[in-house]
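Take a look at the structure set out below.
Coordinate-derived values only; no laboratory data. Given the structure is predicted, the values throughout are model-derived calculations rather than measurements. Cβ atoms come from the backbone with ideal geometry, glycine included; neighbour counts cover every protein chain shown.
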DNA sequence: CGGTAACCGAGACGGTACGTCTCGTCTTGGG
DNA sequence: CCCAAGACGAGACGTACCGTCTCGGTTACCG
């Protein structure tokens, strides 16, 4: 991950242009041809940057992916669940957004790449949760539903979250579809009326 | 994957000794230091085999892992669920076996390696299900429970399976524990009394 | 070189068809793309022959080339010098035949290949002398000229031969021309009127 | 006013240490065991260098040999012919130096290796001429002899050179001796009194 | 205002591994 | 015992990247 800012130093400041170029190159490569083709030399070439500029600010490939993810180069900002007061409806709608996103080969391949990256760097996994709104859905929306009495206080929130997102990951790993039937079934299973 | 047997050809037959040596080497490397250190040259050296002998019979690294998995070099034969007539007890016991297996760093690292391998080769994923008894648990034990009336006929068997195994995979990816608490909670969630 | 025939042995006799196919394949490869592309596997494939059949009868690549040369697959039978009673005229005519032969890229490349082969197998060099008529020219035609009194008895026959053929080899090695001027000059130099 | 046309390159300069190590390794391998054992991997290993560093600067094995030759790693600097005013004596002495050099198996094997290398790279042949003093002998010493009237103006200098050096090459190819008798005879033949 | 420390691009370096090719030997089954 | 086929252990080929190091050039603070 990126280093912290020091108090005062000499010399030029970090080039924002280079930083953006690098994270953009990471995203383009990842989306275009998957994790295997994500080479440091390729990124440097695409970004028009020296390799040292990459290694100066990121230690590993996983850090690069994590950062590119955090900064929104990989997954759009559309996965914040709404709160209409109906937890089942909100969950279903959120799942539909995810299903739509994963419908393209590019995006499901991206998710597979992120799974690989998260093996080498746990931060990738965490950020993936964030970008896809998993945290927002379960840590916030579900907690709110409990607070409002819509759900019982002993609801196993994180277990439901893992079961739900785990189902999705498994399906994507085996190139399966995330369709309406699946959404209905999984919601019924994990959030019975 | 391995080629099919032809009708009749001339020349020496495939060396079983080499085949075993290769699959053993794959398993040893995978268990010892993960997917990243699984190099074709290393496998060949460990197995005392020419590289061409590997490429003659397997096209990709994923094929090697899939075969090593299928032939039982990676995961032991201990995950067949029992049928005591009590589906909750049988599921819980099966989960405990898996939890015990994944308790060691070696084995949880192995599962992470298999997840990576399954991205490049879907067969790895399928065979992982088989070896860990996921198929046996859900396609057989659950079906039997439905047949015996222990479970309702409309039980979403595969959805439960994915949710359960997906939870485990997610937990292992983020180096989390699979403990008794988790087992109790997930069973309660997915198989309510 | 090929093995000697034993007195009596069991089993089928050596396949003449295979022998010819192999020597033909050697010649074709050598003429088509030079010594570097002369691989044992390529020869076997071209000849429709098992590799062992080659190794059974020839020990080295050089032996193959030597045999292909001896049997006339590489250099045609047109280099026997005539004896018109005029040694200068006969030598000049013989040189013109050689010059014509070496005019094509294929043949000059062949000679370069034979030079390489002769480094690994001296027999190739000797047979090259034979096929190009060097032996016939100097060991026979020159001796005859001495016997008939056309040349002095102390003529350094083999030295002249080496000087002449050496000039040609050097020129071919450096891709130089063997033209009429060269022939006139070298004859004047080595066989002064 | 002169313009600074050369745009200075950025980045590290070529490593002279690596360059010398590589050419030395080429020479050692060539002298120790001939052209066949001259492998790129072996050179890289001997020189303590990555293979890419070789391929970065030399395209072929022949280029390596040519460079090693040019830089004097293969043939010593002792073949400049003298000018005593007696061309026959100078030629004879030069030939004796060469004969002495070629007396060892190592050096005659080296010459055979250089002949092979020159087939793939004409520069090797040219540089061999230079290092052995052939150019100096014929293009300079002979021209001087003509200028001083010691030799007739129409002397076929290069033809004599080729005939002489060709004789030597042929003899070395067939593992023959370059002895005093040979030298006397060839000088008498090509430079009659 | 000159020194100097950290930035940048480029890219050479010693390495590892890739997947392919060929070597020479060995092993089948058929003639 | 010959033959075609071809598997085998071995190892070189030339390429792609790795992560480190070294250039010359460019800021931007600091004394």
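Here is how far apart the residue B:14 label points are across copies: 3.8, 5.0, 5.2 nm, shortest first, using a point 7 Å from Cα toward Cβ. Estimated from the Cβ-Cβ distance and a Förster radius of 22 angstrom, the FRET efficiency linking residue B:143 and residue A:188 is about 0.65. Counting only other chain Cβ atoms within 10 Å of each residue's Cβ, the peptide A:155-166 averages 6. Once both labels are positioned 7 Å from their Cα atoms along Cα-to-Cβ, the gap between residue A:92 and residue B:31 label points is 4.9 nm.
Residue exposure proxy: B:193, B:96, ordered by other Cβ atoms within 10 angstrom of their Cβ from fewest to most, comes out as B:193, B:96.
Which of C:134, A:78 has the fewest other C-beta atoms within 10 Å, and how do the rest follow up to the most? Kindly include the intermediate steps, with their values, before the conclusion.
Numbers: C:134 21, A:78 12.
Exposure proxy ranking, most exposed first: A:78, C:134.
Against chain A, whose longest principal axis is taken from its Cα atoms, helix A:180-190 shows a tilt of about 70°. Direction-averaged projected area, Cα convex hull, the stretch B:16-64: 2.9 nm², rounded to one decimal. The GNM of chain D, with springs linking C-alpha atoms under 10 angstrom apart, assigns the highest mean-square fluctuation among D:48, D:125, D:161 to D:48.
For a quick check: sort D:112, B:14 by the number of other beta carbons within 10 angstrom, fewest at the front. Each step should come with its number before you reach the end.
Numbers: D:112 21, B:14 13.
Placing the least packed residue first, the sequence is B:14, D:112.
Separation of the stretch C:23-52 from the stretch D:121-166 is 40 Å, based on Cα centroids. Angle check, please: helix B:105-120 long axis (alpha carbons) against the longest principal axis of chain B (alpha carbons), in degrees 0 to 90, nearest 10. It works out to around 70 degrees. Of all beta-carbon atoms in chain A, the one sitting closest to the axis that brings chain A onto chain B gives A:166, 1, with the distance in whole angstrom. A Cα-only calculation for the protein assembly as shown places Rg and Dmax at 39.9, 130 Å.
Taken as Cα centroids, the stretch B:78-106 and the stretch C:171-188 sit 89 Å apart, rounded to the nearest whole angstrom.
By the helix-only formula, in which each DSSP H run with n ≥ 4 contributes -39500 (n - 2.57) and the sum is divided by residues, the protein assembly as shown has a 222 nm mean residue ellipticity of -19000 deg cm²/dmol.
Between residue B:20 and residue D:45, what FRET efficiency comes out of the Förster formula 1/(1 + (r/R0)^6) with R0 = 22 Å and r the beta carbon distance, rounded to 0.05?
On the way: r = 32 Å, r/R0 = 1.48.
With a Förster radius of 22 Å, E is 0.10.
First check a/c for the stretch D:1-145, with a ≥ b ≥ c the square roots of the eigenvalues of its C-alpha gyration tensor; if it is under 1.5, answer rounded, and if not, answer prolate when a/b is larger than b/c or oblate otherwise. Here the stretch D:1-145 falls in the oblate category.
How high is the relative contact order of chain A, given as a whole-number percent (alpha carbon pairs under 8 Å, six or more residues apart)?
Numbers: 188 pairs, mean separation 41.9, N = 193.
With pairs under 8 Å counted, the relative contact order is 22 percent.
In the assembly of identical copies, residue B:104 has its label point, taken 7 Å from Cα in the direction of the beta carbon, separated from the corresponding points by 4.4, 6.0, 7.0 nm (ascending, one decimal). Considering only A:165, A:101, A:79, the Gaussian network model of chain A with Cα springs below 10 Å gives its largest mean-square fluctuation to A:165.
List the relative contact order of the stretch A:87-190 as a percent without decimals, with contacts defined as Cα pairs under 8 Å and 6+ residues apart. Mind dumping the intermediate values first?
Working: 59 pairs, mean separation 37.8, N = 104.
36 percent.
Comment: the Cα-to-Cβ extended label point of residue C:55, at 7 Å, lies 2.1, 3.0, 4.5 nm from its counterparts in the other copies, nearest first.
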